[in-house]
Amino acid sequence: MPSSDKTIDHGTLRRLVDAGAPIGAEVVGAAGGWGVVINYGRASQTLAVTRGEPRTFRKFETLASYLKELGIIDLRVHTAEFEAASAAKPSDKRSELASDRMKRAHEAAAYDKWFRAQVQASIDDPRPNVSDADARALFAAKREALRARVAVTAPATRSKPMKVAAARTKAS
């Protein structure tokens with residue numbers, strides 16, 4: 001079974017992938033899960049959690065999705081020592097909770113990255129700024145134009161049910 005005494009964490013692996021380094025992955029089966037050995041250049045390092053312990057994936061699908069999201073799509077799989085987890089084994093609630101926390105943390109980091117990019121794009125926008133008063137006047141005119149268009153196209157009875165619905169909402 002290929003393995004390495006050296007470890008690599010998710011952040012370092014992400015930076016290598018983002019830098020365009022040619023990376024290979026060897027998925028190694030073990031008792032109850034799958035591990036990953038990352039190969040780049042002449043180095044081989046085992047994917048580890050932040051604390052340095054080798055990261056183990058219980059499901060191959062989860063591992064494959066993780067690597068695909070990173071941009072690593074070519075894998076070599078070693079199944080010689082793989083043993084499926086017992087179906088009678090109760091689920092580890094702490095592990096599920098930790099997995100959910102990590103998933104939310106990754107989603108939050110991705111959203112933060114997207115949001116910062118949107119803000120930076122707005123800052124870098126070469127168009128002239130619009131004052132608050134001008135923006136309010138522009139959107140007030142757009143609202144009035146929309147109201148006028150709706151009033152022309154909507155039947156006269158349209159306003160009555162809307163008032164009834166509004167009255168129901170206030171009564172609740």
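Note on the range 114-157: residues that are aliphatic (A, V, I, L, M) and open to solvent by less than 80 Å² (accessible area, probe 1.4 Å) total 13.
Among residues of the range 47-67 that are at positive phi, those with a beta-carbon under 9 Å from a residue that is assigned to a strand (DSSP E or B) at least six positions away or on a different chain give the pairs GLY52/THR7. Restricting the range 45-69 to residues that are open to solvent by 50 Å² or more (accessible area, probe 1.4 Å) and of a type outside the set (D, E, K, R), the residue that is nearest to LEU13 (Cα to Cα) is THR50.
The values are calculated or read from the model by the stated rules, or taken from the named source; none is laboratory data. Here the structure is a predicted model, which is why all the values come from computation and not from measurement. No Cβ is skipped: glycine too gets one built from the backbone with ideal geometry, and neighbour counts run over all protein chains shown. To get the accessible areas, we keep the full protein, side chains included, count just its heavy atoms, and leave off ligands, DNA and RNA. Shrake-Rupley method; radii C 1.70, N 1.55, O 1.52, S 1.80 Å.
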